[in-house]
Amino acid sequence: MEKYCSIFLDETRCTGCTNCIKRCPTEAIRVREGKAKIFPELCINCSECVRICPNRAPVPQADSKEILSNYRYKIALPDPAIFAQFKTKYTPHQILAAIAAVGFDGVYEVARAADEVSVAIREFIADHKGEGPWISSSCPAVVHLIQLRFPTLTEQILPILSPVEIAARRAKEEAALQANIPRQEIGCFYLTPCPAQVAAIRSPYFLEKSNVDGALAISSLYSELRVKLAKLEKQEESPVKATSLGLAWGRIGGQTKAVQADNFLTLDGVFNLLELLEEIELDRFNNNVDFLECQNCQGGCVGGIFTAENPFVARVTLRRMTNKLPAKFEPGHEEKIRQYYREGFYNAEKKVEPYCIMSLDQDISKAIYMVEQSEKILKHLPGLDCGACGSPTCRTLAEDIVRGLASETDCMFILREKVQSLAEQMLSLALKVPPVTVVQRQIMKTQQEVLELAKRIPPPLARREPKKED
Amino acid sequence: MKNGTNPEADRDQKICLSFNVEGGNFLAAGEASIRLKHTLQHIGYPASLIRRVAVAAYEAEMNIIIHADSGVLKAEVTPEAVTIWAEDKGPGIEDIGLAMQEGYSTAPNYIREMGFGAGMGLPNIKRCADIFEIETHVGVGTKIRIVIFNKQKTN
């Protein structure tokens, strides 16, 4: 299936500065012809480029509200992070009522499904004791990062569907039963904190087709929700059915708390992930950790790019809110979930496969040759990782050159060296005076000045030794 | 992505990589193995092979950092196999039989407190390797040779 990239680059805003290419954790961006280009097959939708760009050129994509009109019965699936976006004077029950008032016929909390998924994960880990560490799979950016950069860890991704998928299934079941509406006329819309979830709905990694029919950015509904909340009558509320543990999924550590894992590790921020996954791939944690809660965004989903509130404030808001809700299921509910788990209700339908996009060529001999070439090229590059060539590092430029995507003279230092040697050649030719001509001193002096200028080294390279040919 | 041209595509290729490893420098721990791993990813070996090479190389690299004064990690990469040499100047191993036992370690306490030196290094390397050779001289140093075959390479 085609991998969907939910970050669109607005070229009219891009100035060709190199902030994003240097920041991208998967080196998925290059600057070409003065504009940044995202390679969709390398993009994990982590939103780092959106965060760093001074011109707001990378635009995270989600569905517009117009898609709601395609369905007769519309259900909102609000992410737990949404509850942390408003002032603490509003209760979660009021926020749910406001969401319904924005234009939905029903609301099914993703947190309710998170409650179920937590039990399923707990059971799964107990069934596969000692085979860990199991890596949480609800953050799509994490899954894509592993597929791309840590192919050997794909087998350790928890093969349990994410809460939003379960929420959509449950919501459709419930609506079909209660409101007596045919399933194809029910639309489920995720109110998402990030574009990675949008991509995961359009090209799901555990399913052939997602149960979710669209994803709206929380930020796109934010002002409307605020207005609705302010206008809400005091008694107007729709009771939250999730437990505090389901709601806690919106922040880092919440999932671990809900799963009640014994040996766990929580980790947020894509650069921290890169570092830790690298170590896991070298077998350093296998004996100690059963469950790894990995979140691409700092603070968990409250740190998503589609949220409005500061992630640190949002974490506190969410914690306070969840403290007021019950932490336990109704009697018998957990046993029912276990039954569903045993029937395979939460199981992934397909395996997460590694992407082979990193390799330089399908043919191993050829790829080895290309790696060898790129190592040779790398030795000639200045090693400053300045990004002026449009590739994030000298190493990536070397790889781009062997892939045929760039040329050596894209490096301004190499270009300068070439110009210098050319100037020297021209000068030495110019100095060759035909025997029949008398040499004029003035001309000699100008030529000498040109030569001096050509030899001058730019400041960043002042202490750089000229590279020797191998 | 487009590929560069290779006039010698038919000839079997190999590359040699070499990394200096500094004894006692835990800040640099894993750097050589991670570099090697990324190179193998770019070549496109199967994930299982990359994992075995990465783990074996990492353990060998750590052995140099923990026990030796200095050393070199070298790798020769061909379509059929990856060969790693880890050679160090260091104390050598007094009893190889003991060192090959799981859980046996001569690492000092401060290193164990850092989470290293669990006595799994050599046994782990052996588990990952298709060929494992060790040569050691007390007071001089240790040489390890590890070969891991690419079983998916058919021709």
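The values are calculated or read from the model by the stated rules, or taken from the named source; none is laboratory data. What you are looking at is a predicted structure, and each value in this text was computed from that prediction instead of being measured. Glycine gets a Cβ as well: all are built from the backbone with ideal geometry, and neighbour counts include every protein chain shown.
Of all residues in region A:405-435, those that are part of a helix (DSSP H, G or I) and within 14 Å of chain B (Cβ to nearest Cβ) total 1.
When A:269, A:250 are screened for being touching a residue at least 12 places away in the same chain (Cβ under 8 Å), small (Gly, Ala, Ser) and surrounded by 24 or more Cβ atoms within 10 Å (Cβ to Cβ), only A:250 passes. Just to be sure, is residue A:21 within 17 Å of residue A:387 (Cα to Cα) and touching a residue at least 24 places away in the same chain (Cβ under 8 Å)? In short, yes.
What's the total number of residues in region B:20-39 that are part of a helix (DSSP H, G or I) and within 12 Å of the chain's Cα centre (by Cα)?
The number of residues fulfilling the criteria is 7.
Out of region A:4-46, which residues are over 18 Å from residue A:274 (Cβ atoms) and in contact with a helix residue (DSSP H, G or I) (Cβ under 8 Å, 6 or more places away or on another chain)? Residues satisfying the conditions are A:4, A:5, A:6, A:7, A:19, A:30, A:31, A:36, A:38. Among what's in region A:162-210 and is of a type in the set (Phe, Trp, Tyr) and within 19 Å of the chain's Cα centre (by Cα), pick the residue that is surrounded by the most Cβ atoms within 10 Å (Cβ to Cβ). Among those residues, the one meeting the criterion is A:190.
Here's the yes/no breakdown for (1) of a type in the set (Phe, Trp, Tyr); (2) farther than 23 Å from residue B:50 by Cβ; (3) outside the structural domain of residue A:116 (by TED's automatic domain parsing):
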| site | (1), (2), (3) |
| --- | --- |
| A:331 | no, yes, no |
| A:349 | no, yes, yes |
| A:353 | no, no, yes |
| A:359 | no, no, yes |
| A:393 | no, no, yes |
| A:404 | no, yes, yes |
| A:413 | yes, yes, yes |
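Looking only at region A:80-106, residues that are of a type in the set (S, T, N, Q), within 19 Å of residue A:189 (Cα to Cα) and surrounded by fewer than 18 Cβ atoms within 10 Å (Cβ to Cβ) come to 0 in all.
Filtered by the rule that a residue be under 21 Å from residue A:345 (Cα atoms), part of a loop (DSSP other than H, G, I, E, B) and either within 14 Å of another protein chain (Cβ to nearest Cβ) or modelled with pLDDT under 95 (or both), region A:138-157 gives a lone residue, A:138. On the basis of being away from chain B (no Cβ under 14 Å), touching a residue at least 60 places away in the same chain (Cβ under 8 Å) and not in a loop (DSSP other than H, G, I, E, B), does residue A:44 make the cut? No. Of the residues making up region A:108-130, those that are crowded, with 23+ Cβ neighbours inside 10 Å and outside any helix (DSSP H, G or I) are A:108, A:109.
Hey, any hits in region A:227-245 for a residue that's assigned by TED's automatic domain parsing to the domain that holds residue A:330, more than 26 Å from residue A:333 (Cβ to Cβ) and in contact with a strand residue (DSSP E or B) (Cβ under 8 Å, 6 or more places away or on another chain)?
At the first step, the residues of region A:227-245 found to be assigned by TED's automatic domain parsing to the domain that holds residue A:330 are A:227-245.
Remaining after also requiring more than 26 Å from residue A:333 (Cβ to Cβ): A:227-236.
Filter once more, so that each one left must be in contact with a strand residue (DSSP E or B) (Cβ under 8 Å, 6 or more places away or on another chain): none.
Within region A:227-245, not a single residue is assigned by TED's automatic domain parsing to the domain that holds residue A:330, more than 26 Å from residue A:333 (Cβ to Cβ) and in contact with a strand residue (DSSP E or B) (Cβ under 8 Å, 6 or more places away or on another chain).
Pairing residues of region A:350-374 that are more than 8 Å from chain B (Cβ to nearest Cβ) with residues that are among the polar types (S, T, N, Q), at Cβ distances under 6 Å and at least 6 apart in sequence or on separate chains, gives A:352/A:154; A:355/A:147.
A Cβ distance below 8 Å, combined with a sequence gap of six or more or placement on separate chains, defines the contacts here; from region A:415-427, residues that are farther than 15 Å from residue A:447 by Cα reach residues that are loosely packed, with under 12 Cβ neighbours inside 10 Å and of a type outside the set (A, V, I, L, M) in the pairs A:416/A:458. Being surrounded by fewer than 19 Cβ atoms within 10 Å (Cβ to Cβ) and assigned to a helix (DSSP H, G or I) holds for only one residue in A:355, A:369, A:340, and it is A:340. Of all residues assigned to region A:284-297, at least one qualifies as being over 30 Å from residue B:49 (Cβ atoms) and not in a loop (DSSP other than H, G, I, E, B). One residue stands out in region B:22-36 among those that are more than 7 Å from chain A (Cβ to nearest Cβ) and within 15 Å of residue B:146 (Cβ to Cβ): the one that is surrounded by the fewest Cβ atoms within 10 Å (Cβ to Cβ), namely B:36. Which count do you get for residues in region A:216-247 that are out of contact with any Lys or Arg (no Cβ under 9 Å at 6 or more places or on another chain), assigned to a loop (DSSP other than H, G, I, E, B) and touching a residue at least 40 places away in the same chain (Cβ under 8 Å)? Residues in region A:216-247 being out of contact with any Lys or Arg (no Cβ under 9 Å at 6 or more places or on another chain), assigned to a loop (DSSP other than H, G, I, E, B) and touching a residue at least 40 places away in the same chain (Cβ under 8 Å): 5 in total.
Which of the residues belonging to region B:1-56 are of a type in the set (D, E, K, R) and modelled with pLDDT of 85 or more? Once the filter is applied, which keeps residues that are of a type in the set (D, E, K, R) and modelled with pLDDT of 85 or more, region B:1-56 yields B:14, B:22, B:31, B:35, B:37, B:51, B:52.
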